[in-house]
Amino acid sequence: MKKMLFMKKFYGGSMRRESVFKITVIFISSFLIFALTCAGLFAAEMGFVNGKVADKKSKSPLPGITITVEGKDAIGFTDDKGNYSLTLPEGTYTIRAELLGYKTAEAKKVVVEAGETNNVNFALEEFEAIKGEEVVVTGERTGVPLSKTTASVSVVSSQQAKDLASSGNASDMLAYTPGVQMEGGGSGASKTIKIRGATIAPPKVTTAGILMLVDGVPMNDPISGYASLYMIPSENIERIEVLKGASSAQYGGQAAAGVINIITKKGKKEPRTSFDMSFGTYQSRANAEDEYTQNYSFSHSWGNDWIDYNLSGSYGVTTGFTTAETAKVGKVFIEFGKAYPDNKVYDRHGIKHLPNGSLIYSSGGPKYFGKDLNILMDAGSDMDAMERYSFNLSLGIKLFKNNTLRINPGYSYLQFFVPFTPDMNPFKRSDDVFLQMFLNVINKRDYINFLDEWKITPKLTYKLRGVVQKSTEGGIFIPVLDYVDEPLEREALGFKDGFAGGDGKSPFLPTPGTTIGRSWTMANDFSYDFDILDGNTLSVGHEYQWMKLDAPLSKNGGSQLYTKDILYRKSSSLFFQSLQKAGKLSVSLGGRWDQMTTFINDREDEFSPRLGLNYEISPGTSLRASVGRARRFIEFARTNGLGQSNGVLFGNPKIGPEINWSWELGFKFLAKYLGGDIAYFYNDYSDFETPVPLNIGAIPAEIAGDSANARARRQYMEMYNYVRKYYPFKMPTPEEGLTATKYMQQWLGASVPAGVATENANAGMFANGTKVVYQGFDTSVELNPLKDLNINLSYLFTRATVGNQNPFDFSQGKKQSVLLSSTSKGLGPAFHGGDRLIYIPTHVFKISSNYTLPFGLRVIASGRYKSEATTITRTAVGGTFNMPKHWIFDLKFVQPFFNNKFKLSFSIENVFSRKYYAESVIPSNVARYDLGISYSF
């Protein structure tokens, strides 16, 4: 495999563990030793529920029935003879049996006694529900049937994930989830997840405001605060629950847009082992190397009355990928030279001519200039290789009567490259700037989380959960350098041909950036079931979180990335959640009070309430409504960053939280051949995070008082007044001019730290801006017209505008404008009242279907459509880049053998090699072909 030697000097070595980590590890170790000691002193008093499930009409046994226990994570399945078995702590339960095409059956008030077996049989009647209804825990913090939750929740099972063309990690599994957008490019290793289009404002488009849970334990990245779903391998996942909409009342500020709860696999009484491997390649393209992928994974689980575990691991490597980009490297220079033949700088071939006679070949020199992007990616250290591996353990220990401890340690490593398209907006001026570049990402993460659940009495439950994690994130920006061809007379003076800015020999200049984050979270809550009307469950609890960010100069080429090398953040929260049942009506009332010690050592108190209603019309069909408040935490880079991303992003010490009030109306329905969900959502953001340019400069003297240049002066003053509205300090006068250097001097009260880039024309920061509205419809339909045919459709309509808070107005508003300098250079987006946020697509449509042929072959076809959007990027001339509308199709075939123990699959991702831009200016890949082999026993 090709090696990336230039990266090794930036990574490696050991990091000193902080004392808080030592204390936390000692605490957990002591707790486990104590718990295991208790296991020898207390008998785990468990009972059993056995039974058989049969068709009510034919009396024949039904295999594959899902058996769930309301309010518990316990789940079972019937065997070929229709038999099932559950092991449960003492208590009284509601047990449900469900299968596609049958009515869901319930057995209420099933009593489980220690050492005793209770027989509960089910006779399922065919017709009403097309799908067995699942019990979800994310929406109400307790087990609730999907049709009875007051929140909008989607569930993705591990079986559904196997139907996808690619399902290597948690983000892949959400590709066709209604209301969820999965966006990515390059190697495909990293993907941005958006819930109903919600994300932070560009140019930093990423997974923000989404809380990632693993078995109910918060697991967001401690550095960025983002939900790094691509770090969780799919082989360790039983199912994923997606809670859509503001959820801060239940889960805190990181859940402003929603929650993704990853439920890990648990061991069962029968040992199970599985091996999966796949081998793939990309569609061949001229001038591109043939690239290959390999993926291996394993999973082993086992359990008994005392202990259960699921151990999994995966390894994947890619020699590279083949991009669908057709534009040639240096396209913008070539097109400018052809469009403006009379200019004195670029000739018709895109070569730049300097007054001293030197010739400049931009973006890689004669060897790569004007060539295919794939050639540039295959150059040097191979700018498209990828490697990942992970190990995970889910361990459950029944410590004593009615108590279960679950521990999840894990480690993951991922490195990949992202190319930026050369198909940028054409130059309009010879002094416009375009920089071809790559981004090399290296992420390492190790963690251990735990959840201890103790059913103290049949009505009272106590949960203690926590996580300790360390994350090392490396982002190497790799600009492609210009090649200078010196004339003979300059060579005679000692000047040499070569690449400018580096060692003269390599077209690449890696600029490293490494940040190390550590965090630990501890939370506990009590839940009590009251006999009020038809039942009330009240949960109250407390959560504490500590985070530390470390950006050592030694790991960043001597550059300072933050105002301090080490930053801290602490938060303390109190929360409550009450779920009241009264006949067919369910009422959920909750709230969360957060107290934050921020980066600048002041305190912010916030209370986020939520009210939800659900009325069950018939089994599986219900109406729901909810309203809640959310607050999104501010990331470290937003407050303390110093010229990050090659001098682009600066912090703002006065930025505050982004507030969101969310309303939703929903209708869920089930019939024999049809089921679905229709939701109208309305999100009202105040203090919206707004990007603000910094290097706007002074008003040019030639237009300052010249009436002949009134238009240019007016254009500058419009931009100047816009920036002044959000500027956190005393704004310099137009004659003085604003620059990133002056901004930092005002902010820090001192000179700019060494190594901080301030000259980038695209430098900017974020400030609390205007009001923004996200509203629309999130719909999904499932059809089951034939026994072996299943069709899923979903449609997301989003209206995202500045101001215009009318919930009944679905007009899109005028197109968002871009701030222009006095020389008409794009400096970033403007957020004026009535503007449509052009980076949010209006329409997202998804379709997937699967059909099983008589001989067992499963055919899975899927497609997704996204309407036109415009990314706002500081790397493009004019500040924007159009992302055309596009359809993408995937196809997969799965043939089982030997009673489903062995499976052979073949999949095609992006069947027609469609070129599209799913995220920012990162182009898609051509079709990828994968051959997979799976064996389980």
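The values are calculated or read from the model by the stated rules, or taken from the named source; none is laboratory data. Note that this is a predicted model, so its numbers are computed, not measured. In this analysis, Cβ positions are derived from the backbone assuming ideal geometry, glycine residues included, and neighbour counts consider all displayed protein chains. To get the accessible areas, we keep the full protein, side chains included, count just its heavy atoms, and leave off ligands, DNA and RNA. Shrake-Rupley method; radii C 1.70, N 1.55, O 1.52, S 1.80 Å.
For Ala582 and Ser157, a Förster radius of 25 Å and the Cβ-Cβ distance give a FRET efficiency of 0.20, rounded to the nearest 0.05. Less than 5 angstrom separates the built amide H of Asp215 from those of Ile262, Ile263, Thr264, all sequence-distant by 5 or more or on a different chain.
Couplings 3J(HN,Hα) for the stretch 438-450, derived from phi with the Karplus relation 6.51 cos²θ - 1.76 cosθ + 1.60 (θ = phi - 60°), are 10, 10, 9, 10, 10, 10, 10, 8, 10, 7, 8, 10, 8 Hz, where x marks Gly and Pro.
Based on the alpha-carbon gyration tensor of the stretch 46-126 and its eigenvalue square roots a ≥ b ≥ c, which shape applies: rounded if a/c is under 1.5, prolate if not and a/b is larger than b/c, or oblate? In terms of gyration-tensor shape, prolate.
Here the simple spin-label model places points 7 Å from the Cα toward Cβ, and for Leu783 and Tyr292 these points are separated by 4.2 nm.
Take each complete run of DSSP H in the chain, measure how far its Cα atoms stretch along the helix's own axis, and keep only those covering 18 Å or more with mean Kyte-Doolittle hydropathy at least 1.0; list them. The qualifying helices are 19-39. Charged neighbours of Gly856, selected by a Cβ distance under 11 Å, balance to +1 (K, R count +1; D, E count -1).
Relative to the Cα centre, the charge distribution of the chain, modelled as +1 at Lys and Arg Cβ and -1 at Asp and Glu Cβ, gives a dipole magnitude of about 340 debye. Computed over every Cα-Cα pair of the stretch 739-813 and binned at 10 Å starting from 0, the pair-distance distribution P(r) comes out as 14, 22, 15, 19, 17, 8, 5, 0 percent.
Cross-link candidates for Lys57: which aspartates and glutamates have Cα within less than 17 Å, leaving aside residues fewer than 8 places away along the same chain? Straight-line reach from Lys57, under 17 Å: Glu98, Glu125, Glu126, Glu128.
Rg and Dmax, both from the Cα atoms of the stretch 801-937 and both in Å, are 21.8, 72.
Ligands, DNA and RNA are left out, and with a 1.4 angstrom probe the accessible area of the chain is 40 Å² per residue. Gain on full extension, evaluated as 0.36 nm per residue between Ile933 and Thr741 minus their Cα-Cα distance, stands at 63.4 nm. Computed about its Cα centre, the charge dipole of the stretch 692-793 is approximately 320 debye, with only Lys, Arg, Asp and Glu carrying charge at their Cβ. A simple rule links phi to the HN-Hα coupling: the Karplus curve 6.51 cos²θ - 1.76 cosθ + 1.60 with θ = phi - 60°, which for the stretch 668-682 gives 10, 9, 9, 9, 5, 10, 8, x, x, 8, 10, 10, 9, 10, 9 Hz, with x for Gly and Pro. Each DSSP beta bridge with both residues in the chain is either parallel or antiparallel, and the antiparallel ones are about 95%. Once backbone amide H atoms are built at 1.01 Å from N, Phe438 has Ile478, Val480 as its partners under 5 Å, excluding neighbours fewer than 5 places away on the same chain. Once you list every other residue whose beta carbon is under 11 Å from the beta carbon of Val802, what net charge do they have if Lys and Arg are +1 and Asp and Glu are -1? Around Val802, the charge tally is +2. Separation of the alpha carbons by more than 23 angstrom is noted, of Lys268/Lys846; Lys352/Lys825; Lys825/Lys915, for Lys268/Lys846; Lys825/Lys915.
State the Cα centre-to-centre distance between the stretch 731-788 and the stretch 426-458 in whole Å. Using only Cα atoms, the two centres lie 17 Å from each other. Computed over the chain, the per-residue total of -39500 (n - 2.57) for DSSP H runs of n ≥ 4 gives a 222 nm mean residue ellipticity of -2500 deg cm²/dmol, rounded to 500. Every Cα-Cα pair of the chain was included, and the share exceeding 47 Å stands at 26 percent. Couplings 3J(HN,Hα) of the stretch 453-463, computed from phi: 10, 10, 8, 5, 9, x, 10, 10, 10, 10, 10 Hz, in residue order, whole Hz [Karplus 6.51 cos²θ - 1.76 cosθ + 1.60, θ = phi - 60°; x for Gly and Pro]. With Cα atoms defining each centre, the stretch 797-863 and the stretch 357-410 are spaced 28 Å apart in the structure. What a 1.4 Å probe finds exposed on the stretch 46-126 is 46% carbon and sulfur by accessible area, rounded to a whole percent. In this structure the amide hydrogen of Ala324, modeled in the peptide plane, comes within under 5 Å of the amide hydrogens of Ser924, Asn925, Val926, none closer than 5 places in sequence on its chain.
Put the Cα centre of the stretch 282-299 next to the Cα centre of the stretch 614-666 and the gap is 38 Å.
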